[in-house]
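Heads up: the structure comes next, in structure tokens.
Coordinate-derived values only; no laboratory data. Here the structure is a predicted model, which means the values were calculated and not measured. Neighbour counts are summed over all protein chains in view; Cβ atoms, including those assigned to glycine, are modelled from backbone coordinates with ideal geometry.
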Amino acid sequence: MATTNFINAVGRRKTAIATVRMTAAPKSSIIVNGKTVKEYFKTDLRAKVAEEALDIADSAENYAITAHVVGGGVAAQADALRHAISRALTEAEPKTRTVLKAAGLMRRDPRAKERKKPGLVKARKAKQWSKR
């Protein structure tokens, strides 16, 4: 039976889904939808969010990561990518799980947009009402 030399993981946030393939490599790189992380996420803040799991686990130089991200907005995509990378890291290095869990990166953020209710303008906003 052939052994695989990569790890697949999925991360989610709101409606964004990130699938990650992580391989051991001498030089670190993160490719998102065919672009580098800095090119794909135009702001430094979003790129840092995506790389946060690697920084916390001190594994930034050990892996080459290829990611496919769909759905949601830019912020949700960065959070989904962070979630997927942290899941892949724990599969590759089980000892990093406690550090990543303490940082809150192992849990999927359950917050999502609340659905609109009938008779209302938005999820909770009602039309203006006047007594007289």
Additional length obtainable on full extension of the chain from E39 to R107, 0.36 nm per residue less Cα span: 21.8 nm
The distance between the Cα centres of segment 79-132 and segment 1-57, in whole Å, is 19 Å
Give the longest segment of the chain that steers clear of GluC sites (Glu not before Pro) in DSSP loops with at most 14 neighbouring Cβ atoms within 10 Å, not counting the sites themselves. 1-60
Filter the trypsin sites (Lys or Arg not before Pro) in segment 11-78 down to the DSSP loop ones having no more than 12 other Cβ atoms within 10 Å, then list what survives. K27, K42
Which ³J(HN,Hα) values in Hz, rounded to whole numbers, follow from the phi angles of segment 62-68 under the Karplus curve 6.51 cos²θ - 1.76 cosθ + 1.60, where θ = phi - 60° and Gly and Pro get x? 9, 9, 9, 10, 10, 10, 10
I'd like the orientation of helix 74-92 relative to the chain: the angle between its Cα long axis and the longest Cα principal axis, in ° from 0 to 90, rounded to 10. 40 degrees
Relative contact order (percent) for segment 26-132, with alpha-carbon contacts under 8 angstrom and 6 or more residues of separation? 23 percent
Under 23 Å between C-alpha atoms is the cut-off here; go through segment 6-102 and count lysine pairs that meet it, provided they're at least eight residues apart or on different chains. 14
In units of 2.2 N^0.38 Å, the Cα radius of gyration of segment 6-102 is 0.95
